[in-house]
Every structure is written in structure tokens, then in C-alpha cells.
Amino acid sequence: MNLTKRIKQIIAAAAAASILLPLAACGSSSDSGKTKISFLSWDNEQIMQPFIEEFEKGNPDISIDFSYAPPTAEYIQTLQTRLVGNQAPDVFIITSENKDDLIDNGYVLDMTGKSYTEKLSQANMDFVSRDGKLYGQSTSSWAAGIAYNKELLQQVGYDTVPSTWDEFLDLCKKLQDAGISPYIEAIGDGADRIPDSFTGAILAKQGIGVTTLASENPQTPGEHEKEGIAAWMKVYEQGYASRDNVGVSGDDAKSQFASGQVAMYTTGAWDFSSFEQAGFDWGFAPIPALDSDHEQYAQGPPSPGLAIYSKLTGDKLTAAEKFLDFMVSDWALNQRSNNGDAVTVEGFTSDVSEQYKDVYENNVKTGKYFLMTNFYSNPDVLISTNTAEIQQLVQGSIAVDQWANNVDAKMASAQ
């Protein structure tokens, strides 16, 4: 559904715009004579204040009128309210949940070939591109991997997680034979991470560009992911992961892994601090490749991008583009990295933890990752549908073909 059709829904949320929090200095008499640009972010003032202060220090003729709305749904609704109410911010966030609406309705500037996009990775650009045009500046990414208990793996003769899926299943068998629970996933949260990694590699081998997926008619994410889903399901069919994972949340899985109840858990860097606090010897390995004929991919997405309102002209456009130039400067990238972002801009390397280095170097920086919900229209429908259908699949209520048919039928009805 495009923005025009959603005006009645959005107007009801207009009050959201009234709670936006501006920086205290904005609108003061000291801004007189400056070019002012408005910036709506879902990063809060504590995160963004250093960037704004540093930018304004280097550009004394420009001031930034900052406002904040929390991600994801509230931010998107607030932005939509401002766009349809002719109060568009000059700079704002574009991401998987709103990029189709923003592009379809002509709200975002085509920044193809601009100076502030020259160092972006291809994967980050693909995320916010359509038909060869780039609409956002995305500078970081994350990728999932497999956290493993070193002591438990060593009991069956392994130092790390193997590099292919069949070898991973062999490891699971050896762990199970030794009386060790091999593997856990947070299916209760819909976190089936491995199929996306397999699908990314399959699409790459087939030469299918991810930017073409949303333009297919009909869209068929189920068909695209079916091969990866079938391979992943072996871990359940062979009994190495419990079908009870349909009721396991991320917190449950993390707790079981950190307490030594299970040897391996698919997750990301957001859980590392909990593992460190638990005080056991753990590692983090890339998700195994589907097989030796496919590249190793991870599940992961680029970060949301910064977009510029398409109707800006003159001094405001110049100021907004200067701000985006600043956001790929060494100072800004270092600040992002210090905040914990895994930066993917060419010529820059984030200082990541020792455990994360392998995934960062081989997946995040190279763009060898895939997140199914990032590249189809109506990602909210795809997320909810996939969560429901995956839980049925893991429970054994439906087969892989039925999963794919159900997902694609739901996507077709949402067009």
C-alpha cells in the first residue's frame, strides 16, 4: 500500500510529530543567517549529538535542526506523517520497511554517483537501490554466525565449527553421541538465520541480483529460499536440534548456551557481552557454507541509510549533501565504529572483538550476507508470514514445499 492510500491512517498518528525532541540549541538567535537543515533520526540525541557538533564546528554557516523518533514503527509513521503533511525533514532514514514507499512516491533524492557514496560497499548500495539508482547512504552492516562452547567441542575433537553444512551435521552427531546437546535456535522469535545464509549463496551462484527481487511479479521469496530451507531442516529431521525450539526465545537460547546446556547457538554480536559475563570459553564462527559448490554467506543486512528529501534545492541541498559527505569522513566513521557499528566503507576497518573478526572480515566487509526480508516489497507481511510458517515447519506440521507455497501465496495477496 503506498503513502497516498494510507493518509487517513497516518493523520490519526499526527500527534507523534508533536513529541519529537529537538536539540536544545536549535532555533536559537545564534543560528541567524545560517542555512538550517532538518534531520529526523531514529538514533537518539545522545548518539547523534557528537556528530552534529563536529559537523557544525567545521561548517559554521550550517545548523542542524535535529529530531528523534524511536525505531521502527513509530519512526516510520512519524516520517510518513511529516511527508504527507508537507513538513518533510531534509535528511532522514531509509530502510527496508519504508524504502519502497519513499522511492515509489518520489520522496528521496537519487544520489547515484555523488561524492558521499563513492566509498560505500556494493552490498550497502544494493540495499537502498532500485533500477540502478541509489537512494541512501548506508555505511555499516551486521552478520550472524554460530557461537560455540570451546570446551564442549573439544570433547569430541573439534576446535571450531566446520566450514560446510554436512560437516556441521557430522559434528552435531558426534556431540549428541557424547551426550551433549548440539544446537539451539530462537525459533520462538522467528530467528531462522541459516536459511538466509544459504539463499544468499544460492542467488549469487545463479547470478540473481538481489535488487531485482522486489520488482518480480509475482514476488516469490518462498521459491527462492526453498533449497536453503530444505538443507537447514536436516538439523531438525536428524534430531540434532529440538522441535521444541518453536517456543524458545532469544533470551532462552542465549541463557541455555551461556550456561553450558548446549554446544552451539546461531546469533550475533549483540549477545557477546552476555557470553563474556558468563565467564566460559566461547568462540564465534561463520555459518557453514551450504556445500563446497557454494560460497560461504551469512545472514545479515546493511544498516539503514541516510536519505535526502528529493525536493531540496539551492543552499539547503548543498548543506544536506555536505552533511552526508561529513558522515563518511574518517571522524564520523571512527565515531560510528566506537559506538559499536561494524563499518563497511572502503578503506576503513572497524576495531571489532577478537571473536567477531572472522565474520567481520569474510562476511560483513565483503557483503557476503543476505536477509530475505530486505529485498521484497511488503517486508512486514513477509516477516510475520515467515515467522508463522517456519514455526509450523519446525514443528513438523507442514513440509518445505508447503512452507514455500504458503509464503508466496501470502505475498501475492499483499500486492
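Quick look at the values:
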{"item": "Check on ALA307, buried (at least 21 other Cβ atoms within 10 Å of the Cβ) and part of a helix (DSSP H, G or I)", "result": "no"}
{"item": "Unmet criterion (only one of (1) loosely packed, with under 15 Cβ neighbours inside 10 Å; (2) free of Cβ contacts under 8 Å to residues at least 60 places away in the same chain; (3) in a helix (DSSP H, G or I); (4) not aliphatic (A, V, I, L, M)) for TYR75", "result": "(1)"}
{"item": "Unique residue being assigned to a strand (DSSP E or B), of a type in the set (Phe, Trp, Tyr) and assigned by TED's automatic domain parsing to the domain that holds ARG130 when the list is PHE92, PHE51, PHE55", "result": "PHE92"}
{"item": "Residue match in segment 147-157 (condition: closer than 26 Å to PHE275 by Cα and aromatic (Phe, Trp, Tyr))", "result": "yes"}
{"item": "Tally of residues being assigned to a loop (DSSP other than H, G, I, E, B) and either outside the structural domain of TRP42 (by TED's automatic domain parsing) or in contact (Cβ under 8 Å) with a residue 24 or more places away in the chain (or both) across segment 78-89", "result": "4"}
{"item": "Test: residue in segment 341-359 that is free of Cβ contacts under 8 Å to residues at least 12 places away in the same chain, under 21 Å from SER96 (Cβ atoms) and either among the hydrophobic types (A, V, I, L, M, F, W, C) or not in a helix (DSSP H, G or I) (or both)", "result": "no"}
{"item": "Set GLN402, GLN391, GLN395: member being exposed (fewer than 15 other Cβ atoms within 10 Å of the Cβ), assigned by TED's automatic domain parsing to the domain that holds LYS226 and not aliphatic (A, V, I, L, M)", "result": "GLN402"}
{"item": "Residue in segment 38-59 that is farthest from PHE326 (Cα to Cα), counting only those that are surrounded by fewer than 17 Cβ atoms within 10 Å (Cβ to Cβ) and free of Cβ contacts under 8 Å to residues at least 12 places away in the same chain", "result": "GLN46"}
{"item": "Residue match in segment 373-385 (condition: in the same structural domain as PHE168 (by TED's automatic domain parsing), over 30 Å from SER38 (Cβ atoms), over 23 Å from the mean Cα position of the chain (by Cα) and of a type in the set (A, V, I, L, M))", "result": "no"}
{"item": "Residue tally, condition polar (S, T, N, Q) and either touching a Phe, Trp or Tyr at 6+ places or on another chain (Cβ under 6 Å) or assigned to a loop (DSSP other than H, G, I, E, B) (or both), over segment 376-415", "result": "4"}
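The values are calculated or read from the model by the stated rules, or taken from the named source; none is laboratory data. Only a predicted model underlies this, so the values are computations on that prediction, with no experimental measurement involved. Using ideal geometry, Cβ is built from the backbone for each residue, glycine included, and neighbour counts are taken over all protein chains shown.
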